[in-house]
Amino acid sequence: MNVPKNGHLKVSYIGYETQEVAVKNRQLLKIVLKEESTALNEVVVVGYGTMKRKEMTSAISHIGAKDLNQISSLDASMLLQGKVSSVSVSNTALADPNNQGSIQIRGVSSRNAGLGPLIVVDGVPGGDMTNINPADIESIDVLKDASSTAIYGAKGANGVILVTTKSGRTGRTEVSFNASVGFSRMYNQTEVLSPYEYVYLQRELDSSDNAGFFDKFGRWEDINNYKARVGTNWQDMLFGNTGIKQNYNLNISGGSKDLIYSLSYTHDDESYIMSVSNFKRDNLNLKLTKKFGDKLRLDFNAKMTNRVVDGPSVSSGSKLRDAIKYPNIGTLTDLSDEDLAGDDEILIENISNLNDPMFNITNEYKKQTKFNNNYNVALIWNIIKGLEWRAEGTYGYSYDRTDNIWLANTGEANSKAGQPVARRQYWNGNNWALRTILNYKFDIQKKHRFGIMAGWEAKHSQRDEMEINADYYPADYTVDNILAMWNNGTSEPTYTTIEEPSRSMSYFGRLNYIFNDRYYLTFTLRSDGTNVFAPGNKWGIFPSVSAAWRIIEEPFMEPVKSWLSDLKLRGSYGITGNSDIGDYTARRWYSSGGAYDNSSAIIPTYIGNPYLTWEKNHSRNIGITTGFLDDRIILETDFYLNDTKDLLYNR
């Protein structure tokens, strides 16, 4: 390394304090970096940028790699469970692979115009936590208040989750392989009546002298015999499996000064506690960074996911209800049609409304195959010191095929004379986005620091659907018979739908001001336009402002700095919008198939609302951040109030 004799070397590395050393005509220098003992300089991802933790003026939570590595889960949303305050994660996927974790940030803020947060993966909005491999995640940042989410406008009304995946580093090629296995079991089953209690209840429901109870459950004097009976535990039969989840991850990364790369492949395989349920997923993630000199850089990111889900959904066919309410013992005689209809009132609920839980599970077939791929390419130009221009484009394609088969005498088949029924559905979708962002950071007399960001974005998405139905297969047909001889059933009309495209355009900007590393001020403004609303209401404006005071930097705090490492007061106010109610809902819709005066006619099927406008969420937040013992202990306290106005409701 050629360095002037009187020059200086600045050495830095992630996680360590930067050191500057004078050369002083020495040939050999020994430099030992000191590990950072504070989290204040930790870099946190925010909307369309990054900042240090100590500079944050909004309610943002950060989960780093150290915390993420402590959790073993195939569902990325579960990495947030118990890690972030005011974030609720519910998950029934342990029993049913058709259900994935749902996330709510600071409760529900809308009636039915979208309830989940915006997922941003490596700076690209519109991600899906089910398509992210947890082993690829480097960090997760959760934006909670309107000051932090307003930069995303209409998409950030329910909070924003920023996911950063692992990248390569300059140096020799590194190859890593990780494997893990986990187990799951059901616990804390719902308590139900014992056989004795169930029979006793039937007698109370039918207490007449000539009750049908006696034919079905025996003499009343013998009821104590039921105390020795062991009833069928339907919950255990349905959800008594030991779930096994396997994860295998291979990562290759490295690079030189001009080219950095990272390639990751992950295979997940999980069997569930519910019978006949299985989940498989393959993820391929490629990240490339190519430098062209000191000014120009090209980033490329490709993500591909293929998921195969086997097994029927718990929610379809009321399987949970049946597992709780279906009788745990049989009757002495077969139930008559009157019994099944509930006319005799011998049961607390008509048996005709219930189904044998195991019969439906083992005689219902469902298989979903979902493929998603997304590509993002960005060109970054460092025009002058502090001024950076970024232009990027994103393209995604998705394919989804679902096969459903209900064999003879299942709930769905009973509507077709008890004969097997089959359904096949296809979805194809594509989306693209273009955005350009200009960032400028500069200082004035070292006490005044400014950051200015401005950007533009355009999005387009569209998908089509096809549904094929066939029924009245021979009663003895199996699933394999139907899949091999689909045409042997009675074909129903094929339904095809080409959905209207969803289009939006946005302008956004942010201004950051820091004075003397004590006082912080942030303004953001975003304007969104969408084709959901009628002319005159298409555009919405969403401003926000936030401020922070780092009290710990004041001179009067010097006596307590030995044990108090951070004390910051934060406040914010902002407005976010929501338009997630369906495309072109402001228009009146018509369809054929109607009749008027014995002639075919076109009839209205949806009454449009030309006055439909943006749903707006007004958010206020006051927070205090406190750090103790060099930030080994950090306490964040927030008080917030959210008001949603002009609620959107699709009837």
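Side notes on the structure shown:
- Pairs exceeding a 19 Å alpha-carbon distance, out of Lys54/Lys441; Lys155/Lys645; Lys216/Lys416; Lys216/Lys319: Lys216/Lys416; Lys216/Lys319.
- At the residue level, Asp322 shows approximately 0 square angstrom of accessible surface with a 1.4 angstrom probe and all protein chains present.
- Largest accessible area first, the residues Tyr248, Tyr649 order themselves as Tyr649, Tyr248 under a 1.4 Å probe with ligands, DNA and RNA left out.
- For Ser415 and Asn188, the FRET efficiency from 1/(1 + (r/R0)^6), where r spans their Cβ atoms and R0 equals 30 Å, is about 0.25.
- For the set Lys303, Lys319, Lys441, solvent exposure ranked by accessible area (probe 1.4 Å, protein chains only) runs largest to smallest as Lys441, Lys303, Lys319.
- For the set Glu174, Glu388, Glu554, the ranking by accessible area, highest first and with no ligand, DNA or RNA atoms included, is Glu174, Glu388, Glu554 under a 1.4 Å probe.
- The C-alpha atoms of the chain define a longest principal axis, and helix 195-205 lies at about 60 degrees to it.
- The lysine pair count for the range 233-310, using Cα distances under 14 Å and pairs eight or more places apart or on different chains, is 5.
- Computed accessible area, Thr494, all protein chains, 1.4 angstrom probe, square angstrom: 80
- Tensor-based shape of the range 107-225 (alpha-carbon gyration tensor, a/c under 1.5 rounded, otherwise prolate or oblate): oblate
- Three-way shape call for the range 156-196 based on the alpha-carbon gyration tensor, with the a/c threshold at 1.5: oblate
- Neighbours of Ile498 by Cβ distance under 9 Å: Lys/Arg scored +1, Asp/Glu scored -1, total -3.
- The chymotrypsin sites (Phe, Trp or Tyr not before Pro) found in the range 150-224 that occupy coil by DSSP, while having at most 15 further C-beta atoms within 10 Å, are Tyr187.
- Listed options for log10 I(q)/I(0) by the Debye sum over Cα atoms at q = 0.05, 0.08 Å⁻¹ are [x] -0.22, -0.58; [y] -0.29, -0.75; [z] -0.33, -0.78. The value calculated from this structure is the one marked [z].
- Over the chain, accessible surface divided per residue gives 53 Å², non-protein components excluded, 1.4 Å probe.
- Within the same chain, aspartates and glutamates fewer than 8 places from Lys325 are excluded, and of the rest, those with a Cα less than 15 Å from its Cα are Glu191, Glu197, Asp236, Glu349, Asp356.
- The range 477-552: trypsin sites (Lys or Arg not before Pro) in DSSP loop, at most 15 other beta carbons within 10 Å: Arg518
The values are calculated or read from the model by the stated rules, or taken from the named source; none is laboratory data. Everything numeric in this text was worked out from a predicted model, so none of it was measured. We place every Cβ from the backbone using ideal geometry, glycine too, and count neighbours over all the protein chains shown. Only protein heavy atoms, including side chains, enter the accessible area calculation; ligands, DNA and RNA are left aside. Shrake-Rupley method; radii C 1.70, N 1.55, O 1.52, S 1.80 Å.
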